[in-house]
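Read the structure below first, then the notes.
The values are calculated or read from the model by the stated rules, or taken from the named source; none is laboratory data. Computed from a predicted model, the values in this text were never measured in an experiment. Glycine also receives a Cβ, built like all others from the backbone with ideal geometry; neighbour counts cover every protein chain displayed. Accessible surface is based on the protein model in full, side chains and every heavy atom, while ligands, DNA and RNA are left aside. Shrake-Rupley method; radii C 1.70, N 1.55, O 1.52, S 1.80 Å.
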Amino acid sequence: MSATSSAASPGKEPAKSKKLIVIGAVVALLVIVAAALGLFLVNKQRHAADDDAQESKAAAVLVPTFLPMENMVVNLADTGGDRFAQIGITLELQDEKTAASVKQYMPSIRNGVLMLVSQRTAEELLRREGKEKLAADILAEVSRPLGVRPSAARVEHDADDGEEEERPRRRANPVRRVLFSSFIIQ
């Protein structure tokens, strides 16, 4: 019997070793898949956290600050001098820091705005183009004390050959827009 049992043992050992190899390979494969899945999830969470941080920064940067100016009553440049305008202006600014800077220069800015409006006629200001031109001029007037030229980033046309020439951008204007909150001409 010892011959039979020694003959039977060698046949069972290779089958067991094959099973152990297959089980070991399956376990190793599962460990590799689990590690890859873990790395994927960790990366996904990091990217989600980075995206959330970037979105919150962008939202903080995009939220403007509005600074209303006191209403102004101005005599217009019409002949006879009997026409006037009452104008309410709100400035859309980049942030609170810009608002603080603009407030420091407000007497000078109001004076400049009054001078700009007093040079216009009622006919000019009744047209949309006249209001848009006035808003652009007020934007330049408000930006001047802050050391920014709003037209520096615009594309200008060369008068000789009609080609467009991009001027270098100096720095972004912290005064985004001039908004009219009231506009009455009499």
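Close amide H partners of residue 176, meaning residues 5 or more places away or on another chain with modelled amide H under 5 Å apart, are 92, 93, 94.
Once backbone amide H atoms are built at 1.01 Å from N, residue 77 has 120, 121, 122 as its partners under 5 Å, excluding neighbours fewer than 5 places away on the same chain. For the pair residue 136 and residue 108 in one chain, pulling the backbone fully straight at 0.36 nm per residue adds 8.4 nm over the alpha carbon distance. Rounded to the nearest Hz, the phi-derived 3J(HN,Hα) couplings of segment 176-186 under the Karplus curve 6.51 cos²θ - 1.76 cosθ + 1.60 (θ = phi - 60°) are 7, 8, 10, 10, 8, 8, 8, 7, 10, 10, 10, where x marks glycine and proline.
Rolling a 1.4 Å probe over the protein heavy atoms leaves residue 110 with an accessible area of roughly 60 Å².
Using heavy atoms of the protein chains and a probe of 1.4 Å, the accessible area assigned to residue 123 is about 130 Å². Solvent-accessible surface of segment 63-117, averaged per residue with a 1.4 angstrom probe and all protein chains in place: 54 square angstrom. For segment 93-107, 3J(HN,Hα) computed residue by residue from phi via the Karplus equation (6.51, -1.76, 1.60; θ = phi - 60°) reads 10, 5, 6, 5, 4, 5, 4, 5, 5, 5, 4, 5, 9, 4, x Hz, glycine and proline entered as x. Only protein heavy atoms count here; under a 1.4 Å probe, residue 126 has an accessible surface of about 110 Å².
With each pseudo-label sitting 7 Å past Cα toward Cβ, what's the residue 52-residue 82 distance in nm, one decimal? Label at residue 52, label at residue 82, 6.8 nm between them.
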